[in-house]
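The next block holds one structure in the form of structure tokens; read it before the comments.
The values are calculated or read from the model by the stated rules, or taken from the named source; none is laboratory data. Everything numeric in this text was worked out from a predicted model, so none of it was measured. Positions of Cβ are backbone-derived with ideal geometry, glycine not excepted, and every protein chain shown enters the neighbour counts.
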Amino acid sequence: MADSPAIARVAALVAPILADLDLDLYDLDYGAGLLKITIDKPGGADLEVIALATRLIRREFEHSDPVAGDYTLEVSSPGIERSLRRPDHFTRVIGATVSVRLRDVTNEARRIQGILVAADDNGITVRSDEAPHDERTVPYDQIDRARTVFVWGAADKAKRGPAVPKQASTKPPTKNASPKNAGPKKAASQPNGPSDTPNQEVSA
């Protein structure tokens, strides 16, 4: 997560709401007018719980106003191919197939795909998909981007490790801030469709 005052305020407001719903704050990102809150739980967060979390977070933000200016609020689950940005993201998916793009590579391949066999506070170890299936340990500061890879077919699943289960997300539209003398400064966005009913877009 970005270490900024706005992100810290949002995290402090969101954490107790998610704890009451037995949810984890998987990731939090803010930029280009989009405040993206990614939530997770064992077995995956379904549409109903995402919609409930969205309503409660929106209500809290209307009173607390943690982010200045207009923005779009998006509450979602990580998806079947989830972004991996922090050490705890990697430790959650040990045994899954991952794709890793490296930075500042000279003589070695820039992309690695294979089974994530280990992850700790310093880096990860990936067993390559390609023969001779070498294992490569990579420090976090050498990782540019990483994500899980969904593997189709029972044979592939047995050979490559478990894929992260399919999860749903809601992606509400933008709402502009209201003047302070006309109600809350900012209204977080609501899910598409009927009131408080999320769409069925799957986050990738």
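Before we move on, is Val117 touching a Gly at 6+ places or on another chain (Cβ under 6 Å), under 19 Å from Thr148 (Cα atoms), free of Cβ contacts under 8 Å to residues at least 40 places away in the same chain and aliphatic (A, V, I, L, M)?
In short, no.
Being hydrophobic (A, V, I, L, M, F, W, C) and within 17 Å of the chain's Cα centre (by Cα) is true for just one of Ile94, Ile115. Which residue is that?
Ile94
Which residue is surrounded by the fewest Cβ atoms within 10 Å (Cβ to Cβ), if the candidates are limited to the stretch 69-97 and must be more than 20 Å from Leu52 (Cα to Cα) and polar (S, T, N, Q)?
Here the residue is Thr91.
Scan the stretch 128-141 residue by residue and report those that are surrounded by 15 or more Cβ atoms within 10 Å (Cβ to Cβ) and within 24 Å of the chain's Cα centre (by Cα).
The answer is Val138, Tyr140.
Return only the number of the condition from (1) outside the structural domain of Arg127 (by TED's automatic domain parsing); (2) among the charged types (D, E, K, R); (3) farther than 17 Å from Ser4 by Cα; (4) touching a residue at least 40 places away in the same chain (Cβ under 8 Å) that Asp27 does not satisfy.
For Asp27, the exception is condition (3).
Go through (1) among the hydroxyl-bearing types (Ser, Thr, Tyr); (2) at pLDDT 95 or above; (3) under 30 Å from Asp141 (Cβ atoms) one by one and return the number of the condition Thr54 breaks.
(3)
Any chance you could count how many residues in the stretch 46-59 are in contact with a Pro (Cβ under 9 Å, 6 or more places away or on another chain) and either hydrophobic (A, V, I, L, M, F, W, C) or closer than 21 Å to Arg92 by Cβ (or both)?
Selection size over the stretch 46-59: 3.
Kindly indicate the residue of the stretch 45-68 that is more than 22 Å from Ala12 (Cβ to Cβ) and aliphatic (A, V, I, L, M) and also surrounded by the most Cβ atoms within 10 Å (Cβ to Cβ) among those meeting that condition.
Among those that are more than 22 Å from Ala12 (Cβ to Cβ) and aliphatic (A, V, I, L, M), it is Ala51.
Of (1) closer than 30 Å to Ala6 by Cβ; (2) surrounded by fewer than 15 Cβ atoms within 10 Å (Cβ to Cβ), Thr106 satisfies all except one. Which?
That leaves (1) as the condition not met.
Do we find that Pro198 is in contact with a strand residue (DSSP E or B) (Cβ under 7 Å, 6 or more places away or on another chain), at pLDDT below 95 and crowded, with 16+ Cβ neighbours inside 10 Å in this structure?
no
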